[in-house]
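S.K.: This is the structure, below, for whatever I ask next.
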Amino acid sequence: MGLSMLRVKDQNAQKQSKKYVTSEEYLALEETAEYKSEYHQGDTFTMAGGSSNHNIIVSNINGQMALAFKAKDCVSYMLDMRLWIEANGLFTYPDLFVVCGKREFYQSRKDTITNPSLIMEVLSDSTENYDRGNKFVLYRSIPTLREYIMIDQYKFHLEQFSLGQDGKWNLTEYNGPNSILHCSTIDFQIPLREIYNKVEFESE
């Protein structure tokens, strides 16, 4: 038997032996787990830890949002707050997301939100393809979502997708420290120099 056939058989055996996990089992496991995991339709996936730049970027944005939201009915959540998407059975932890107005929780759990208006993800080499591709597809099924922003942690660059009145997602790109990110959905703006404050880019 060829090596490729052995690999296929091994992969099939792993799939067959993998246990289906219910959402209730997943939530119970998360309460004591050492590392956070994402859940999608019975499967769990351990999430990679963030880099120093990753954490600095998220903290910078969240800090500015906390100040901007003092007089607004909006709340920003980062890193440890879970998100549930009913339409496709996904539990995940966005890097940062915002809820304006009444906060809706999954089955009255105070650790799981269901109605974000805006989601931000900081891209990394290991997650970029997922964040750009299938994850954005899953996010687009959230009825309340209006903006999705992907942030490059290796240079001054952001990609902002905004949902138009025609139901299409429109892309705006931001480059350089003098650019200013405008989030019309939550009435918030921030210069890229503030987003990347204290970030140390790796040299070529």
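Quick note: the coordinates plus some simple rules give every number you see, no bench work behind them. What you are looking at is a predicted structure, and each value in this text was computed from that prediction instead of being measured. All Cβ positions, even for glycine, are placed from backbone atoms using ideal geometry, and neighbour counts span all protein chains on display.
S.K.: Using the charge dipole of the chain (Lys, Arg: +1 at Cβ; Asp, Glu: -1 at Cβ; taken about the Cα centre), state which of Ile119, Gly164, Thr32 has its Cα farthest towards the positive end.
M.R.: Going by the charge dipole, the pick is Gly164.
S.K.: Could you give the length gained on full extension between Ala48 and Ser184, defined as 0.36 nm per residue of separation minus the Cα-Cα distance, in nm?
M.R.: Full extension from Ala48 to Ser184 adds 45.9 nm.
S.K.: Now for a different question. Within the chain, which cysteines find no other Cys whose Cβ is under 4.7 angstrom from their own?
M.R.: Cys183
S.K.: Given the -39500 (n - 2.57) contribution per DSSP H run of 4+ residues, what per-residue ellipticity at 222 nm results for the chain, rounded to the nearest 500 deg cm²/dmol?
M.R.: Only helices count here, giving -7500 deg cm²/dmol.
S.K.: Evaluate the charge dipole of the chain about its Cα centre and quote only its size in Debye, nearest 20, assuming +1 on the Cβ of each Lys and Arg and -1 on the Cβ of each Asp and Glu.
M.R.: 400
S.K.: Compare the Cα positions of Ser51, Pro191, Leu90 along the charge dipole of the chain (+1 at Cβ of Lys, Arg; -1 at Cβ of Asp, Glu; about the Cα centre) and return the one farthest towards the positive end.
M.R.: Positive-most Cα among the choices belongs to Leu90.
S.K.: Can you give me the distance in nm between label points at Val137 and Phe201, each placed 7 Å from the Cα along the Cα-to-Cβ direction?
M.R.: Spacing of the two 7 Å Cα→Cβ label points: 3.2 nm.
S.K.: Residue-wise, which Karplus ³J(HN,Hα) couplings in Hz belong to the range 104-121, taking 6.51 cos²θ - 1.76 cosθ + 1.60, θ = phi - 60°, and x for glycine or proline?
M.R.: Each residue's phi maps through the Karplus curve to give 10, 10, 6, 6, 6, 6, 8, 10, 9, 9, 10, 10, x, 8, 9, 10, 10, 10 Hz.
S.K.: Under 23 Å between C-alpha atoms is the cut-off here; go through the range 16-195 and count lysine pairs that meet it, provided they're at least eight residues apart or on different chains.
M.R.: Taking the Cα cut-off of 23 Å, the pair count is 13.
S.K.: Something else: Taking K and R as +1 and D and E as -1, what net charge do the other residues with C-beta under 12 Å from the C-beta of Leu118 add up to?
M.R.: Computed value for this residue: -3.
S.K.: How about the range 148-194: which trypsin sites (Lys or Arg not before Pro) there lie in a loop by DSSP and see at most 16 other Cβ atoms within 10 Å?
M.R.: Answer in residue order: Lys155, Lys168.
S.K.: So in the range 16-195, what percent of DSSP beta bridges are antiparallel if you round to the nearest 5? Before the final figure, lay out the partial values.
M.R.: Numbers: 34 of 42 bridges.
So the antiparallel bridges amount to about 80 percent of the total.
S.K.: Taking the alpha-carbon set of the chain, what are its Rg and Dmax in Å?
M.R.: For the chain, the Cα radius of gyration and maximum Cα-Cα distance read 18.6, 68 Å.
S.K.: Let me ask something else. With +1 on the Cβ of every Lys and Arg and -1 on the Cβ of every Asp and Glu, and nothing else charged, how large is the dipole of the range 105-148 about its Cα centre, in debye rounded to the nearest 20? Present the calculation step by step, with values, prior to reporting the outcome.
M.R.: Numbers: 6 positive and 6 negative charges, 57 e Å.
It works out to roughly 280 debye.
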